[in-house]
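Structure, as structure tokens:
The values are calculated or read from the model by the stated rules, or taken from the named source; none is laboratory data. In this text, all values refer to a predicted model and were calculated from it rather than measured experimentally. Virtual Cβ from ideal backbone geometry, glycine too; neighbours counted across all protein chains shown. Accessible surface is based on the protein model in full, side chains and every heavy atom, while ligands, DNA and RNA are left aside. Shrake-Rupley method; radii C 1.70, N 1.55, O 1.52, S 1.80 Å.
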Amino acid sequence: QVQLVESGGGLVQIGGSLRLSCTVSGRSFSSITVGWFRQSPGKAREFVAAIEQGADNFRYGDFVRGRFTISRDNANNAVYLQMNSLKPEDTSVYYCEAAAGRTWYKDYSQRPDKYDDWGQGTQVTVSS
């Protein structure tokens, strides 16, 4: 069982920036994959970014276009999502998810069903 807590969401204007944080506990942080997803009412869940277990392999959703950066801080058991040049389309609830205990293949990071635990989410709202 992995516990995850997201923070850092808020209200920003178009073009603004936010840094989301995901703190992890319950299992060895270095052995898990952590991904960011977002979901809004009436819309499908979207993959945002992930750091794969055991290596600095980064994955990003197609919509990111270089605007977002995911990073890991092993010393503090935290994963961050730096979000720049925000657009109204980025408005959503953002969740971090963790996976451990399985072989991780290239296409797993963007598949929600491959993750084991979710955080409570943090709201990001981009105003126009």
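Counting only residues that are farther than 20 Å from SER7 by Cα and touching a residue at least 60 places away in the same chain (Cβ under 8 Å), segment 29-56 holds 1 of them. Within segment 72-90, none of the residues are among the hydroxyl-bearing types (Ser, Thr, Tyr) and at pLDDT below 95.
Could you say whether any residue in segment 105-121 is open to solvent by 20 Å² or more (accessible area, probe 1.4 Å), more than 14 Å from the chain's Cα centre (by Cα) and within 24 Å of ILE14 (Cα to Cα)? No, that holds for no residue. Looking across segment 72-104, the residues that are closer than 26 Å to ILE14 by Cα and charged (D, E, K, R) come down to LYS87, GLU89, ASP90.
Being over 17 Å from ALA44 (Cα atoms), touching a residue at least 24 places away in the same chain (Cβ under 8 Å) and charged (D, E, K, R) narrows it down to one residue among ASP107, ASP90, ASP73, ASP117; which is it? Full working, then the answer.
On the way: ASP107 fails: touching a residue at least 24 places away in the same chain (Cβ under 8 Å); ASP90 fails: over 17 Å from ALA44 (Cα atoms); ASP73 fails: touching a residue at least 24 places away in the same chain (Cβ under 8 Å).
So the residue among ASP107, ASP90, ASP73, ASP117 that is over 17 Å from ALA44 (Cα atoms), touching a residue at least 24 places away in the same chain (Cβ under 8 Å) and charged (D, E, K, R) is ASP117.
As a summary of the residue check, ASP56 satisfies the conditions (1) within 22 Å of ASP113 (Cβ to Cβ); (2) surrounded by fewer than 17 Cβ atoms within 10 Å (Cβ to Cβ) except for the one numbered (1). Scanning segment 19-47 for residues that are within 11 Å of the chain's Cα centre (by Cα) and of a type in the set (A, V, I, L, M, F, W, C) yields a total of 6.
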